[in-house]
Amino acid sequence: MNSSLDSTDTGQTPLHLTSGHWLWRSTTRPWSLLINKRSIVVNATLTLILLACALSSLALGTLSITIPDVILALQGKGTTMHTFVLEELRGPRLLAGALAGASFALAGCLMQTLARNRLATPGIIGIDNAATAFAVASVVGVGISAAPHTMALVGAAVATALAFGLAGATGTRGYRFIIAGLAIGAVSGAITQVMLSSVALDDANAAYPWTVGSLNARAPAAVNALIIGLIVGYTLSLFLNRALITLQLPEPVTASLGTRSGRVRVAGLILSVLLTGLAVSVAGPVGLIALLGPELARTISRPGSIPLTASALSGAILMVLSDLAGRLVFSPLEIPVGIIAALAGSPYLLWILLHKSPDINR
Amino acid sequence: MNQFMTMSKINSPRAPLAAQSLMMSHGPHTIIPHLDIELRTGEVTAIVGPNGCGKSTLLNGLARIHKPRQGTIVLDGADIHTLPARDVARKLALLPQDNSAPEGLTVTDLIRFGRHPHQSWLSQWSEDDERAVRKALTAADVGDLANRPLDTLSGGQRQRAWIAMSIAQETQLLLLDEPTSALDLGHQIEVFELIRTLASQGNTTKSSPPM
């Protein structure tokens, strides 16, 4: 062992501590930026894939439009028919789907990181279910006059507050919070079923999209709220990122590095619930996106990073693809996006349960 | 090897870390009923005792991971719980007993975590950061392993990487919880020598983050 600490000359080729990064240092101020090349490549690739999926989603359907025609119509030079289909039908639906998917997956990535557990996504711990129960209550008219999408947000907040209260904060590993959430989700699911079975068939049908997750039932006001919520939530989560990274280390180390993990957890949890509630209010409970998106992002991202951007992009891609598949497979019949996501996601969930450690770091 | 050590460096007139009438408990169980302790400068302090005597509890209290039931922890003359977390993290580092890191993380990635309290959004990789990480790599003798993922290392190599992370934090005080428990005899001696060297060179280790 080298006993002199000031000696960095090990007699070997000098180590590049920042390989794989772009380093920028200001010559006049103590400012420096370290940008990881892999993150840039991953996010750029995901963005391109999302664009390709978006174009396909615009082009394909009961009425197929060729890609050049889609581009013409987007430039305002398309036929009336094409313009109508793209601007009134597929465009808004695509936007809603991509935003909801991004929001679900970002919320999932945040919550998994806070709880250090890959099963701790808002959907699995029952926030989606509670949001759905509140939305359904509003649709079938249980003496509530607020719009369903507002109620979805309220439901998400109530479920989290209950889970938080029952578990006594998040705890370091988040297990108690997850169990409390599971219970609340189960109760919410049961309440939804009771409400649906005790109202007139028309009301139950009106509430159906809320129970499976569909991009048919979206309200313009909910989409606008989601746009704002996603911009705010994404920005704030980027600011949290510096602290979130240290949450990957054991709790005492996190604290030793100066991170107030309690505060970070509460802040991240609020963001996660807000994003989930807003996404449910647009698309219904498509919670598996919150599990699949971050997992896909984590697989292709650099070890030790929190793939917030990559999760959001992956979630958007998965949502757009699920919706596209739902529209095409039994066309002209439409399968709700939530069912496609469940079909694709359930085997994956099983695989995690059987083969992977729930610990997010393993 | 049931021992852990507390080590302080930097020569200053009074003890930088002290506990007064400390009482620590886990729920209803009192682990440490009453303790006064001063950790002096430029010294290695070893705390020895059987399993379950409260060594880790004391360290967690001193590093403000757990709040004491009674008593105060004083760091550089101020109650540690009133100080900003980041300021404490620049003066005091704790390395716990069992550590796990994200899969695929390399030794250098891990050591860079030690620079976290010295960094900010606008200062992500300063020359001080680079120098401190290089020094830590050399000090803990993990330079050859710098680019190896932690999960490919032996227990002893991994432990030295974690110690390197704490060294890179460049704090006056380093609290190590059983730092040699995973090591073979040869490496145990090396770690003890490293700790003594760090203590004796204490006031040459300067931390000056640009703010």
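The values are calculated or read from the model by the stated rules, or taken from the named source; none is laboratory data. Here the structure is a predicted model, which means the values were calculated and not measured. Ideal geometry is used to build each Cβ from the backbone, glycine not excepted, and the neighbour counts take in all protein chains shown. For accessibility, only protein heavy atoms count, side chains too; no ligands or nucleic acids. Shrake-Rupley method; radii C 1.70, N 1.55, O 1.52, S 1.80 Å.
Considering only segment A:192-206, I want to know if a residue exists there that is part of a helix (DSSP H, G or I), of a type outside the set (A, V, I, L, M, F, W, C), crowded, with 17+ Cβ neighbours inside 10 Å and out of contact with any His (no Cβ under 9 Å at 6 or more places or on another chain). Within segment A:192-206 (the criterion being part of a helix (DSSP H, G or I), of a type outside the set (A, V, I, L, M, F, W, C), crowded, with 17+ Cβ neighbours inside 10 Å and out of contact with any His (no Cβ under 9 Å at 6 or more places or on another chain)), the answer is yes, since at least one residue qualifies. B:L145 meets all of the listed conditions (1) at the interface with chain A (Cβ under 10 Å from one of its Cβ atoms); (2) more than 29 Å from B:G54 (Cα to Cα); (3) not basic (K, R) but one, namely (1). In the set B:G186, B:G114, B:G156, only one residue is closer than 28 Å to B:G54 by Cβ and more than 8 Å from chain A (Cβ to nearest Cβ); that residue is B:G156. If you go through segment A:222-260 and keep only what is surrounded by 19 or more Cβ atoms within 10 Å (Cβ to Cβ) and hydroxyl-bearing (S, T, Y), you end up with A:S237, A:T246, A:T254, A:S256, A:T259. Here segment B:29-80 is the region considered, the condition is being of a type in the set (K, R) and open to solvent by 50 Å² or more (accessible area, probe 1.4 Å), and the residue that is nearest to the other protein chains (Cβ to nearest Cβ) is B:K67.
If I filter segment A:112-128 for residues that are open to solvent by 30 Å² or more (accessible area, probe 1.4 Å), aliphatic (A, V, I, L, M), within 25 Å of A:I339 (Cβ to Cβ) and touching a Pro at 6+ places or on another chain (Cβ under 7 Å), do I get at least one hit?
yes
Residues considered: A:A167, A:A190, A:A200. Of these, the only one that is free of Cβ contacts under 8 Å to residues at least 40 places away in the same chain and closer than 30 Å to B:Q97 by Cβ is A:A167.
Could you look through segment A:322-362, keep only residues that are open to solvent by 30 Å² or more (accessible area, probe 1.4 Å), within 14 Å of chain B (Cβ to nearest Cβ) and in contact (Cβ under 8 Å) with a residue 12 or more places away in the chain, and pick out the one that is nearest to A:T299 (Cα to Cα)? The selected residue is A:K356. Of all the listed residues (A:V253, A:V264), the sole one being touching a Leu at 6+ places or on another chain (Cβ under 7 Å) and β-branched (V, I, T) is A:V264.
Please verify whether B:R148 is of a type in the set (D, E, K, R) and surrounded by fewer than 20 Cβ atoms within 10 Å (Cβ to Cβ), treating the condition exactly as stated.
Here the answer is yes, as B:R148 does meet what is asked.
Considering only residues in segment B:81-96 that are out of contact with any strand residue (DSSP E or B) (no Cβ under 8 Å at 6 or more places or on another chain) and within 10 Å of chain A (Cβ to nearest Cβ), the one that is farthest from B:A164 (Cα to Cα) turns out to be B:P84. Contact map, segment A:16-35: residues that are within 17 Å of A:R242 (Cα to Cα) paired with residues that are among the aromatic types (F, W, Y) and open to solvent by 100 Å² or more (accessible area, probe 1.4 Å), Cβ distance under 7 Å, separation 6+ or inter-chain. Pairs shown: A:S32/A:W24; A:L33/A:W24; A:I35/A:W22.
If the condition is being open to solvent by 20 Å² or more (accessible area, probe 1.4 Å) and either more than 10 Å from chain A (Cβ to nearest Cβ) or assigned to a helix (DSSP H, G or I) (or both), then segment B:124-142 contributes B:E127, B:D128, B:E130, B:R131, B:R134, B:K135. The requirement of being of a type in the set (S, T, Y) and touching a strand residue (DSSP E or B) at 6+ places or on another chain (Cβ under 8 Å) is satisfied by B:T72. The single condition among (1) touching an Asp or Glu at 6+ places or on another chain (Cβ under 9 Å); (2) part of a strand (DSSP E or B) that A:W24 does not satisfy is (1). Here B:E170 passes the criteria (1) modelled with pLDDT of 90 or more; (2) in a helix (DSSP H, G or I); (3) more than 7 Å from every other protein chain (Cβ to nearest Cβ); (4) in contact with a Gly (Cβ under 9 Å, 6 or more places away or on another chain) except the one numbered (2).
Please specify each residue of segment A:73-87 satisfying the condition of being within 12 Å of A:L58 (Cβ to Cβ) and either in contact with a Ser or Thr (Cβ under 8 Å, 6 or more places away or on another chain) or open to solvent by 70 Å² or more (accessible area, probe 1.4 Å) (or both).
A:A73, A:L74, A:E87, listed by residue number.
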